[in-house]
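Worksheet: one structure, shown below.
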């Protein structure tokens, strides 16, 4: 079209840019924007913002900010929108200092701060472990009559749980649920992970139940976080319950899930149940991995069951896939095998 001097209208340009963005062809998309600038048709706000967000996703913060500043120069976007996106970009890059400087610059330029900017800053503060600053920002946004997003409460809840501040985290969670909000699945999983990592698995289970009552549908990652949590506190029955719930929901349980289940059961010291899951895996015509055998061999070595550990080793080495144990597992097994001889008395 361009060679024949036939120029597409704005809708066509935005359609092409959208397609290229979804296909991951960011370089071609950026080149297309450069080519059509100065022609009879220029890309509109939607196309520019879509391109900018895609650039930010790829971690090219400076290039995205440059594009936003060009939009400002052409009066294509309101100042507060552009500066809010720049704050978002710095937060995505983990550059808290630049994000805060950009927020202060917004205020100096007379731009009104919004819930999006506050939520971005609260998220990055919580990720950095600075929950007090995040809570202060939350109070500040409430004081200027800004409504928090679902994600605002979620970030604060997860941040408090990670720091072991259960009371504050529960308060933010209760506020979120009270207003009928259900965060997205990624945020829910983050909150559950934070609780499980701090050893509060029962609280994580309560949260999961409350969210499911509000319509939340857990996915495989949700259950994996709960599985790891039960493993940390040594609750083998909780792990088994999670497996049956996954089966009940019809989730596609693959080898990675079985690895997590077996790892968690080995942490609990329940090797019999771990071995049962190996049998279930094989009944489903799935092939065990080296990691699974490593877990069972090392688990039996730690329990002092050398005979069983050797049995798993022989099975691993002679199977159809001829798997090889890790160096650490192999040396643990060797030390276990030679230990009785080295500790034997001279008269034995």
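The values are calculated or read from the model by the stated rules, or taken from the named source; none is laboratory data. Please read these numbers as outputs of a predicted model, since none were measured by experiment. Cβ coordinates were reconstructed from backbone atoms using ideal geometry, including for glycine residues, and neighbour counts include every protein chain displayed.
The figures follow:
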read-out	value
Qualifying residue in segment 214-230 (condition: under 25 Å from residue 150 (Cβ atoms), in a loop (DSSP other than H, G, I, E, B) and over 19 Å from the mean Cα position of the chain (by Cα))	yes
Scope segment 134-156; condition in a helix (DSSP H, G or I) and surrounded by fewer than 17 Cβ atoms within 10 Å (Cβ to Cβ); matching residues	136, 139, 140, 142, 143, 150
Of the criteria (1) within 23 Å of residue 150 (Cα to Cα); (2) in a helix (DSSP H, G or I); (3) over 20 Å from the mean Cα position of the chain (by Cα), which one residue 104 fails	(1)
Residue satisfying condition, being assigned to a helix (DSSP H, G or I) and under 24 Å from residue 156 (Cβ atoms), within set 170, 181	170
Test: residue in segment 249-256 that is touching a helix residue (DSSP H, G or I) at 6+ places or on another chain (Cβ under 7 Å), assigned to a helix (DSSP H, G or I) and buried (at least 17 other Cβ atoms within 10 Å of the Cβ)	no
Residue in segment 200-208 that is in contact with a helix residue (DSSP H, G or I) (Cβ under 7 Å, 6 or more places away or on another chain) and either modelled with pLDDT under 85 or not in a helix (DSSP H, G or I) (or both) present	yes
Where a residue in segment 324-346 is modelled with pLDDT under 90 and its partner, wherever it lies, is in a helix (DSSP H, G or I), with Cβ under 7 Å and at least six apart	336/301; 336/306; 336/309; 337/306
Residue under evaluation residue 88, criteria (1) surrounded by 16 or more Cβ atoms within 10 Å (Cβ to Cβ); (2) under 22 Å from residue 152 (Cβ atoms); (3) at pLDDT below 80, criterion not met	(3)
Residue count for segment 231-241, restricted to those that are buried (at least 16 other Cβ atoms within 10 Å of the Cβ) and in a loop (DSSP other than H, G, I, E, B)	1
Test: residue in segment 166-174 that is surrounded by 19 or more Cβ atoms within 10 Å (Cβ to Cβ), modelled with pLDDT of 85 or more and either touching a helix residue (DSSP H, G or I) at 6+ places or on another chain (Cβ under 7 Å) or under 19 Å from residue 216 (Cα atoms) (or both)	yes
Filter result (farther than 22 Å from residue 199 by Cα and in contact (Cβ under 8 Å) with a residue 24 or more places away in the chain) within segment 230-245	none
Near pairs, Cβ below 7 angstrom, 6+ apart or cross-chain, from segment 292-313 (touching a residue at least 40 places away in the same chain (Cβ under 8 Å)) to any residue that is buried (at least 24 other Cβ atoms within 10 Å of the Cβ) and part of a helix (DSSP H, G or I)	none
Unique residue being in a loop (DSSP other than H, G, I, E, B) and in contact with a helix residue (DSSP H, G or I) (Cβ under 9 Å, 6 or more places away or on another chain) when the list is 295, 278, 286, 265	286
